[in-house]
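Chemist: Mind looking over this structure? Questions follow.
Since every read-out is calculated from the coordinates, none of them should be taken as a lab result. Treat the numbers as computed from the prediction; the structure is a model and nothing was measured. We place every Cβ from the backbone using ideal geometry, glycine too, and count neighbours over all the protein chains shown.
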Amino acid sequence: MAGRIEDYALIGDLETAALVGRTGSVDWWCVPRFDSPACFASLLGVGDHGHWSLAPAGDRPCSRRGYRGDTLVLESVWETVDGTVKVTDFMPPRRDGPRIVRVVDGIAGRVDMRGELTIRFDHGSVVPLTHAPDRRTVVSLAGPDATRLHCGPGAGDPTVTRERTTFAFPVTAGQRVTFVLGWHPSHTPPPPPPDVPAELDRTLAFWNDWAADLHYEGPARDAVLRSLVTLKALTYEPTGGVVAAATASLPECIGGRRNWDYRFCWLRDSTFTLSSLLRSGYRREALAWKDWLVRAVAGDPADLQPLYGVAGQRRVPETHADWLPGYENSRPVRFGNAAAGQFQLDIYGEVLNTIYSAVRAGVALDAQVWSLMAALLDYVGRRWREPDEGIWEVRGPRRQFVHSKVMAWVAADRALRLARVAGLRGSVRRWQALRSELHDEVCRLGWSEERQSFTQYYGSRRVDATALLIPRLGFLPPHDPRVLGTVRAMAGLQDHGFVRRYDEVTNGEVHEVDGLDGAEGVFLACTFWYADALALTGRPAEARTVFERVLAVRNDVGLLAEEWDPATGRQLGNMPQALSHVALINTAFTLDGTRRRARTPSDGRPAVAGAENGPPRPV
């Protein structure tokens, strides 16, 4: 049985990732890429759907665990009545294919270790042919996939059957036993087994060197750095694409139907992600993400999708895996994501805002990008009056979502700013008219006098957490009465001090907007947005309280899923969630900027916010 969502830690090699539970079981691993089928899928089922356990006999959780320093090398320690043992788990940055390395070190006494390796290709549905060509090697093969396990001295003789491979061996103080599991295409020869000590040193050096580039000394620096390491781990190195999460179909409500595949790259995350990377000093990663974005959206603006595969592929059809019972019986289990085919107006604003942010950071753009920008805005000009599925990718009817219109305004606004640099003067008057019309309509139809707030869609009384982004996007200044009213109205979305995306479903009925039944947890990114809005509107102490409240629900290794259930104290949704960690980073910078601006230097000039990237100046 899978552990709690917050029981899992992440390891990865910058092309895929695995989740390791507190019991020492690797319950999720997709190979060779983030968006490939899993060969360990017990996270969404049972042990027979693929896992790799390695721990002291007795199936107990580890006594303590943590990443070694600022790396993605995980160390789990068990203290038993007979002795103490440590298991180190890591994935070396990719050279010869994906590998999981597990190192067992005896610390004190003698500990009897047990292990079980169950390979199931294609998301737990394919039982491979498994055999042991020698005492130290176990090979599993089916169709296009093959794995090879190398067992180091001291691992004993594994017992190999068609269903699984088991281990039993003792480890004493000072003894080390190693295991390396690698995947390769079944039609190619396997790579040679690695030098484990050398690979461990290389992996530690890689992450320590990368972490040393952080340009931030403000509040919660350790949390910011761990979030950046997580964001790096969710980056597909060959293309620069950042996946929304490493997992698929972890539920937003236990036992519910809100189970989505997040192993893809969302355009709407682009501005948030670029901002967090640039602020933190990771310019190379930021530019790689921008380049991925430009390649993905190249072509006809009418073909723009909300999300793409890690290589920029467009086809990610959504299917149901009926052979998997789902995480704690949360069904259906979905792979692929049908939201790729939705019309979401806000993504045009996200793309143009990302290009604008890159230019502000000094990135030179070529003529093709300027041409793309103009084509995108012309398309927005033709379609902005239409309803869409919106940022939350509703499965109900399209509506005139306020956030979508605000982002259409952002598209026009950023295009105008970029036009000065590109020399596209011929379009300026038309774009100014579009920006003005959008602003007037949102303020007229998206505002509720009764609620004293911007609403979720035109004519609605519902509030939506996306309205918290209005001052950050520069649509209205932070101290505009309408912004202040909207921030106050968010009290209706709060649950134990956290913020929901929008009004909650009650009595298990189908939500009139998103078309799905059942509730969900509070949305962690929205709660960070609330902290941002509080800081921008002059309530920094309250903002810090909200920020620290979210920090407190990270798991023991600093990871956040998409949502949190205050009633049960559990994380919900896919894990770890890039947007949650990106929002953490950006809010930390916002709070640091607020703190620094509150201090007045001795020369009487106001303090500068450093890397804080506030709303654009009016044009």
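Chemist: What percent do you get for the relative contact order of the chain when only Cα pairs under 8 Å and 6+ apart count? Working shown, then result.
Modeler: Details: 1414 pairs, mean separation 74.7, N = 619.
Value for the chain: 12 percent.
Chemist: Moving on. Please tell me the relative contact order of region 5-209 in percent, rounded to the nearest whole number, where contacts are Cα pairs under 8 Å and at least six residues apart.
Modeler: On the way: 533 pairs, mean separation 39.3, N = 205.
About 19 percent, as a whole number.
Chemist: Oh, and also: Could you tell me the center-to-center distance, by alpha carbons, between region 373-436 and region 155-209 in angstrom?
Modeler: 52 Å
Chemist: Hey, another quick one. Quick one: order 290, 232 by neighbouring beta-carbon count within 10 Å, fewest to most. Don't skip to the end; give the middle numbers.
Modeler: On the way: 290 24, 232 19.
By the 10 Å Cβ count, ascending: 232, 290.
Chemist: Cα atoms only: what Rg and Dmax, in Å, come out for region 1-141?
Modeler: Cα-based Rg and Dmax for region 1-141 come out at 14.9, 42 Å.
Chemist: Students often get this wrong, so try it: which of (1) 44, 25, 24; (2) 58, 29, 22; (3) 70, 25, 21 is semi-axes √(5λ) of the Cα gyration tensor in Å as calculated from the structure shown?
Modeler: (1)
Chemist: For the ranges 386-398, 277-289, 585-597, what's the packing order if you count other beta-carbon atoms within 10 Å of each residue, average per peptide, and put the highest first?
Modeler: Working: 386-398: 18.3, 277-289: 20.9, 585-597: 22.8.
Highest to lowest by the protection proxy: 585-597, 277-289, 386-398.
Chemist: By average Cβ neighbour count within 10 Å, what is the ranking of 261-274, 555-568 from highest down?
Modeler: Numbers: 261-274: 25.3, 555-568: 20.6.
Highest mean packing first, the order is 261-274, 555-568.
Chemist: Tell me the relative contact order for region 447-516 as a rounded percent, counting alpha carbon contacts under 8 Å between residues six or more apart. Walk me through the numbers on the way to the answer.
Modeler: Working: 76 pairs, mean separation 19.8, N = 70.
Here the relative contact order equals 28 percent.
Chemist: Turning to a different aspect of this structure: Among 466-479, 439-452, 174-187, how do they line up by average Cβ neighbours within 10 Å per residue, starting with the highest? Please list the in-between numbers first.
Modeler: Details: 466-479: 20.9, 439-452: 15.3, 174-187: 18.3.
Peptide ranking by packing, descending: 466-479, 174-187, 439-452.
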